[in-house]
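Right, one structure below, let's go through it.
The values are calculated or read from the model by the stated rules, or taken from the named source; none is laboratory data. Remember, predicted model here, so these are calculated numbers, not experimental data. All Cβ positions, even for glycine, are placed from backbone atoms using ideal geometry, and neighbour counts span all protein chains on display. Areas reflect the complete protein model, heavy atoms only, side chains present, ligands, DNA and RNA absent. Shrake-Rupley method; radii C 1.70, N 1.55, O 1.52, S 1.80 Å.
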Amino acid sequence: SSDVCSSDLEGAVLVVLDCKELQAKHDYSIADLAELVARREGAVAEFAAAQETHITKLRLQGLGAAGELEVTLAAAASEKAKAMVKQMDASIDKAQANIRQTTAQILHCVITAPFSGRVARIRIKERELVAANQAIMDIVDVSYLKVQMFAPTAIAKKIGIGSVLSIRLNGEGKE
């Protein structure tokens, strides 16, 4: 487009990558997190009930109405429910990390120009697969150019340190 040839590229969108698969993975991670949060709520309720059962069995044991085995089983059930809550917390942390990772990756699906300049060369074709860190285009900062040129001896003799030269560049590749 004409925007890509512009010398005022900074912030302009240069490339939009197809990230539908990555977006689907992100959406799955969000749904997974919602499921884990709901399952954690159930695990917390089970833990609360198991704790209450354990406390009740301890009271009954104090009154002689519950035996050591009942109290031990209630304590084990409470500890198991507590472990399940911790496991759900770890799964939620993992799901949140997956969401952060896919969010960061999705940000790379739209590539903008990091500075003003001109696109000097496009290294890939549309729909071509690219590898991570593969250069896809060259952008030239036109505010600072270094020119190497060959000049005839007659002109070179007239050029010295501090000489002012006027150079015209044809950036479209036409003669």
Options T72, A31, M84, ranked by Cα towards positive dipole end of the chain, top entry (Cβ charges): A31
Could you work out which residue, out of Q87, Q96, Q61, moves most in a Gaussian network model of the chain, that is, has the largest mean-square fluctuation with Cα springs under 10 Å? Q61
With +1 at each Lys and Arg Cβ and -1 at each Asp and Glu Cβ, the charge dipole magnitude of region 1-100 around its Cα centre, to the nearest 20 debye, comes out at 620 debye
Only sites in a loop by DSSP and with at most 11 other Cβ atoms within 10 Å count here; which GluC sites (Glu not before Pro) in region 77-161 make the cut? E126, E128
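Which whole-number value in Å² is the accessible area per residue of region 42-175, probe 1.4 Å? Working shown, then result.
Details: 10770 Å² over 134 residues.
Ligands and nucleic acids excluded, the result is 80 Å² per residue.
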What angle do you read, to the nearest 10 degrees and between 0 and 90, between the alpha-carbon axis of helix 20-62 and the longest principal axis of the chain? 20 degrees
How far, in nm, would the chain grow between L60 and Q101 when pulled straight, counting 0.36 nm per residue and subtracting the alpha carbon separation? 9.7 nm
Rounded to the nearest 0.05, what FRET efficiency do R168 and Y144 have when you use their Cβ-Cβ distance and R0 = 22 Å? 0.80
With a cut-off of 8 Å between alpha carbons and a minimum separation of six or more residues, what is the relative contact order of the chain in percent? 33 percent
Selection of trypsin sites (Lys or Arg not before Pro), region 33-125, meeting DSSP coil and at most 16 other Cβ within 10 Å: R123, K125
Between L17 and residues 5 or more places away or on another chain, the pairs with built amide H atoms under 5 Å apart involve V110, I111
Over the chain, what percent of the accessible surface lies on carbon and sulfur atoms, probe 1.4 Å? 56 percent
Between E128 and R39, take the C-beta separation as r, use R0 = 45 Å, and let me know the FRET efficiency to the nearest 0.05. 0.60
Counting lysine pairs in the chain that sit 8 or more positions apart or on different chains, with Cα atoms under 23 Å apart, gives 12
Amide H within-cut-off set for M137, under 5 Å, with H built and near neighbours excluded: R123
Per residue of the chain, what 222 nm ellipticity follows from adding -39500 (n - 2.57) for every DSSP H run with n ≥ 4, rounded to the nearest 500? -18000 deg cm²/dmol
